[in-house]
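Peer 1: Following this message is one structure expressed as structure tokens.
The values are calculated or read from the model by the stated rules, or taken from the named source; none is laboratory data. What you are looking at is a predicted structure, and each value in this text was computed from that prediction instead of being measured. Cβ placement follows ideal geometry from the backbone for every residue including glycine, while neighbour counts extend to all protein chains displayed. For accessibility, only protein heavy atoms count, side chains too; no ligands or nucleic acids. Shrake-Rupley method; radii C 1.70, N 1.55, O 1.52, S 1.80 Å.
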Amino acid sequence: MRPSRKFGQVTHRGPTPSDAALPPALPYPDGWSALAFTAELPRGTVLTRRLAGEDVVLYRQRDGRVRAVRPFCPHLGAHLGLAELDGNDLVCPFHRFAFGPDGRCVRTGYGTPPPKAALTHLPVLEVNDAVFVWRHHDGREPDWEIPAWHVLGNLPARYATWEMAGYAQDVMENSVDVGHFQTLHGWSQGELAAPVAFDGVTFHVSMRVQEQFPLIGRRQVDVEVDGHGLSCLHTDIHTPALGLKMCSLVLATQIAPGRMQFRQASRFLVAEPSSLPPALARTVGRSLTRLLAGPMFRFSCEFTAADFPIWSTKQYLSRPRLTAGDGPIGPFRRWSRQFYPPTATGPLPLPTTPLGGHQDAQATRTGHARP
Ligand code: FES
Ligand SMILES: [Fe+2]
């Protein structure tokens, strides 16, 4: 399966999801979900995206501020995905009622006094070149944020978006599923450098991988993963011997029961060789970065896509039979519960005994703490 060339969504064409006829195994998670990349939303743009079974209308005002609103005009219900921007005002196409930056109706298309009506704003966060919208099952306001990560290199990020059957939680769980990196992704050898640390709404995975490279043989690859909520991963992959660095944002958004959108944005850098004079080193580093950025992004997408047929057909097992060699699936499942309504305990029974070689993983659950 090839990623979309830019931002368009590619529907997964793999096997039919085996649980399509069943009720969803997991409810919608609370927290921030990515609905777009920043580059998809230039000033004056209006986009409609799905989140948790509903449309969300995103728009960027002429002053650069992004808004997220519920989709139906409070006048007579037209869909605001059809609206356009007039300065910083969103103008509904039906009767041309205009809504100001605070959401209130400021004029009508007839020149008559505007009614007391307003758009419903949703909390929106623009960070790391992506636009996130907050949703909580009981309407709670945001009490944590996704941090801004470093920007790697000078080249613009490369983006891809897919849509498929599956659960955002499985995407996050993937990063602690240590065993599958060898069995599914083909890593020759990899292990946790430290216990996976779960802290509030975040977790951190640190792995050391011994990978076989053509011509130069086995070299170490350092992998650092930060998870925030059930929708956002930041991964740093560094091969010191080759000076290769890749930094990716991996975003999973639950758009419907058992259906998600998956976004990836990556930046790539080849370090300047220290053995060369500075000017030459800079030229070599930049040239190799430009030359390899495309192939490395394709390689990274293909690596990720190995999981797609698994995610889109697997059954969520609330009591998995874990064993030595598995990652800390149990601690991850316990950590993930904070993002679901308490009443969801029915579909969310957990493995009672985290088995395998990672019982020492730190599992703390401190609620929606600000990281
Ligand atoms: S429905 Fe939006 S202006 Fe009438
Ligand atoms: Fe994977």
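Peer 1: If you check R67 against the conditions, is it of a type in the set (K, R), more than 16 Å from ligand 2 (Cβ to nearest atom), over 30 Å from L322 (Cα atoms) and open to solvent by 50 Å² or more (accessible area, probe 1.4 Å)?
Peer 2: no
Peer 1: Report yes if E141 is away from ligand 2 (no atom under 16 Å from the Cβ) and open to solvent by 50 Å² or more (accessible area, probe 1.4 Å), otherwise no.
Peer 2: So E141 fits the description; yes.
Peer 1: So in region 254-309, with the set limited to residues that are aromatic (F, W, Y) and either open to solvent by less than 60 Å² (accessible area, probe 1.4 Å) or in contact with a helix residue (DSSP H, G or I) (Cβ under 7 Å, 6 or more places away or on another chain) (or both), which one is nearest to ligand 1 (Cβ to nearest atom)?
Peer 2: Among them, the one singled out is F262.
Peer 1: Separate question: Near ligand 1 (Cβ under 10 Å from one of its atoms), among the aliphatic types (A, V, I, L, M) and out of contact with any helix residue (DSSP H, G or I) (no Cβ under 7 Å at 6 or more places or on another chain): does that describe V91?
Peer 2: Here the answer is yes, as V91 does meet what is asked.
Peer 1: Search region 180-195 for residues that are touching a residue at least 40 places away in the same chain (Cβ under 8 Å) and pair each with any residue that is small (G, A, S) and open to solvent by less than 50 Å² (accessible area, probe 1.4 Å) when their beta-carbon atoms are under 6 Å apart and the residues are at least 6 apart or on different chains.
Peer 2: L184/A306; H185/A306; P195/A361
Peer 1: Another question, if that's okay. So, in region 196-243, of the ones that are assigned to a loop (DSSP other than H, G, I, E, B) and of a type in the set (V, I, T), which residue ends up farthest from Q264 (Cα to Cα)?
Peer 2: In this case the residue turns out to be I216.
Peer 1: Further question: Among the residues of region 102-147, which ones are more than 15 Å from D89 (Cβ to Cβ) and charged (D, E, K, R)?
Peer 2: Passing the criteria: K116, E126, D129, R135, D138, R140, E141, D143, E145.
Peer 1: For region 28-53, how many residues meet the condition of being open to solvent by 10 Å² or more (accessible area, probe 1.4 Å) and either aliphatic (A, V, I, L, M) or out of contact with any strand residue (DSSP E or B) (no Cβ under 9 Å at 6 or more places or on another chain) (or both)?
Peer 2: 5
Peer 1: Then there is this: So G111 clears everything in (1) within 13 Å of ligand 1 (Cβ to nearest atom); (2) surrounded by fewer than 14 Cβ atoms within 10 Å (Cβ to Cβ) except one condition, right? Which one?
Peer 2: Every listed condition holds for G111 apart from (1).
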